[in-house]
Ligand SMILES: [Ca+2]
C-alpha cells in the first residue's frame with residue numbers, strides 16, 4: 001500500500017472516531033466525552049470501555065456542576081446515560097467503573113422521588129432534564145434498554161488523556 005493510501009485510511013479512521021462524540025471537554029481531574037449516537041446503557045458502557053474510558057461518574061457537587069455546565073451548552077437531550085447502576089435486589093446504586101457505592105452522605109443529585117425503579121425495570125442512572133416537568137439536570141433511574149446519548153470519562157493526567165484522544 002502506498003503512503004498516500006495509508007494516510008487516507010488513517011485520516012478517515014481518525015475522522016470517523018472523532019465523529020462518535022459531539023463534545024470533548026477537560027474538567028477538574030478528568031476529560032468527558034459526550035456521544036452523538038444513542039445506545040442502551042450496557043452498550044454505552046461497553047463503548048466507553050472499548051475507547052479506554054468509563055461511563056461518567058459524579059462524585060461531588062463541583063463535578064456535577066462542571067458536567068451539567070457542559071451538557072447545557074449542547075443540543076438539549078432529555079435523557080443522558082451516566083455510569084451508575086442499581087445493585088440487584090437493593091435500592092443502592094454503584095458506579096460501574098469503580099464499583100463504589102453511590103453514597104448520599106457523600107453526594108447525590110437524585111430528582112425528588114427518584115430512584116423509583118419505575119415498572120420495576122429501572123436499574124440504570126441517567127441525567128434527566130425536562131423543563132416541561134420542572135426537572136433540571138437531576139439523576140433518575142431509567143430502563144437500561146432505552147437508547148440514549150451518554151457521557152464517557154477518562155480520569156487521570158492530561159498527558160495520558162491527550163495520547164488516548166489522538167488514537168480515537
Ligand atoms: Ca425513575
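Here is how the numbers come out for the structure above:
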quantity	calculated
Full-extension gain in nm, residue 105 to residue 26, via 0.36 nm per residue minus C-alpha separation	25.7 nm
Computed log₁₀ I(q)/I(0) - Debye formula, equal Cα scatterers, no solvent, region 31-168, q 0.20 Å⁻¹	-1.28
Estimated distance in nm for a label pair at residue 87 and residue 61, the labels positioned 7 Å out from Cα along Cα-to-Cβ	2.7
Sorted peptide list for 32-39, 60-67, 120-127, criterion being average Cβ within 10 angstrom, highest first	120-127, 32-39, 60-67
Approximate spin-label separation residue 120-residue 46, in nm, with each point projected 7 Å along Cα-to-Cβ	2.7
Length gained when the stretch residue 70-residue 147 is fully extended (0.36 nm per residue, less Cα-Cα span)	25.7 nm
Region 18-155 - percent relative contact order, Cα under 8 Å, separation 6 or more	34
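No lab work stands behind these numbers, since they all come straight from the coordinates. Just so we're clear, the structure is a prediction, and the values are computed from it rather than from any experiment. Quick reminder, even Gly has a Cβ in these numbers, built from the backbone with ideal geometry, and neighbours come from all protein chains shown.
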